[in-house]
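Chemist: Encoded as structure tokens, here's the structure I'll be asking about.
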Amino acid sequence: MIRKKIGGFVNISRRKAIKMIAVSSAFFCSGVGGVLAGKPEVSDQINNVISGSQAREADVFLDVPEIAENGNQVKVAFEIESPMSASDFVQEVYIMADGNPAPNVAKFNFTPYSGECFASTRMRLSKTQDVYLVAKFNDGTHSITQSTIKVTIGGCGG
Amino acid sequence: MSKIKPRAKIPKEAELDEVIEIKTLIRHPMHSGRVKDVNGKTIPRLIINKFNATFNGKVVFTVNLEPSISSNPYISFPFKVKEEGTFELSWEEDGGNQYKLTKSLKVV
């Protein structure tokens, strides 16, 4: 009798447990969906930047670490093949990170005085995420490069 | 609080048509507006939001910085030497404060 009771109790709890798991996983999935809402934000930003311009082939080298141990100081450097003459130069370079609270990281404005197109800085990354580089040329064309960085410790202080 | 102090490393001399790399660093906390202090109060946003580099009065390079840039922002950028002159580097902080640095460059 006691066994039956216990058995029954266990059965119910297991069923309950399965239900709970199902429900919680559904919640979890929707939660993840909410977090991923940052990604359309980035694509919106990129679309804003490149609206009305055509893509072009360009040699873009985005130098970021594959794994960043500390998200507070992540080196980001880039080099773009360009003659940097008055008629053909890289005008703007945007760096964006899709997992940060605000996707924009920096915007570099080059001029023909630069001679070559490279620069570097350091950024904060809150978690493992994709980093995008959007280069805009003076003739209105653009080029997009992307790289994934694994972050061990996030750098947003939260 | 540590004093905000800009620094730059520019070669003193360069050859004509040489592309030099200029390295700059400014000591600045870059409060992103998301970090809380020990009392649980949010530290208000205070960042360097713009970096300008001019050479003999001409703008050669600028950067718009966002809160995602690390504290003590480091920026390096290229410059093609065409003439002698002076670099004027300026960092603009939220609220309008400016930090400036001038360095001269000789052509050999």
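The values are calculated or read from the model by the stated rules, or taken from the named source; none is laboratory data. Values in this document were obtained by computation on a predicted structure and should not be read as measured data. Reconstructed Cβ throughout: ideal geometry from the backbone, glycine too, with neighbour counts over all protein chains shown.
Chemist: Confirm whether B:Lys12 is free of Cβ contacts under 8 Å to residues at least 60 places away in the same chain and away from chain A (no Cβ under 12 Å). Please lay out each step first, then the result.
Modeler: On the way: free of Cβ contacts under 8 Å to residues at least 60 places away in the same chain: no; away from chain A (no Cβ under 12 Å): yes.
In short, no.
Chemist: What strands (runs of 3 or more DSSP E) completely inside the range A:43-158 contain at least 2 residues that are at pLDDT 90 or above and of a type outside the set (Val, Ile, Thr)? If you could, list the steps in order and put the result at the bottom.
Modeler: On the way: elements: A:60-63, A:67-70, A:74-80, A:90-97, A:104-110, A:117-123, A:129-137, A:142-153.
Hits in the range A:43-158: A:60-63, A:74-80, A:90-97, A:104-110, A:117-123, A:129-137, A:142-153.
Chemist: Then there is this: Show me the strands (runs of 3 or more DSSP E) entirely contained within the range B:33-108 in which 2 or more residues are buried (at least 18 other Cβ atoms within 10 Å of the Cβ).
Modeler: In the range B:33-108, the matching strands (runs of 3 or more DSSP E) lie at B:48-55, B:58-65, B:74-80, B:85-93.
Chemist: Follow-up. Which count do you get for residues in the range B:44-65 that are in contact (Cβ under 8 Å) with a residue 12 or more places away in the chain and at the interface with another protein chain (Cβ under 9 Å from one of its Cβ atoms)?
Modeler: The number of residues fulfilling the criteria is 7.
Chemist: Out of (1) under 22 Å from A:Asn109 (Cα atoms); (2) not in a strand (DSSP E or B), what's the single condition that is false for B:Pro6?
Modeler: (2)
Chemist: Among the candidates B:Val107, B:Val35, single out the residue that is farther than 20 Å from A:Val93 by Cα and in contact (Cβ under 8 Å) with a residue 60 or more places away in the chain.
Modeler: B:Val107
Chemist: Please list, ordered by first then second residue, the pairs with beta carbon atoms under 9 Å, 6 or more apart or interchain, first in the range A:84-102 and farther than 9 Å from A:Val42 by Cα, second among the basic types (Lys, Arg) and buried (at least 22 other Cβ atoms within 10 Å of the Cβ).
Modeler: Qualifying pairs under 9 Å: A:Asn100/A:Arg124.
Chemist: So, one more: Which of the following residues is touching a Pro at 6+ places or on another chain (Cβ under 7 Å), in contact (Cβ under 8 Å) with a residue 24 or more places away in the chain and away from chain B (no Cβ under 11 Å): A:Ile67, A:Ile50, A:Ile144, A:Ile149?
Modeler: A:Ile149
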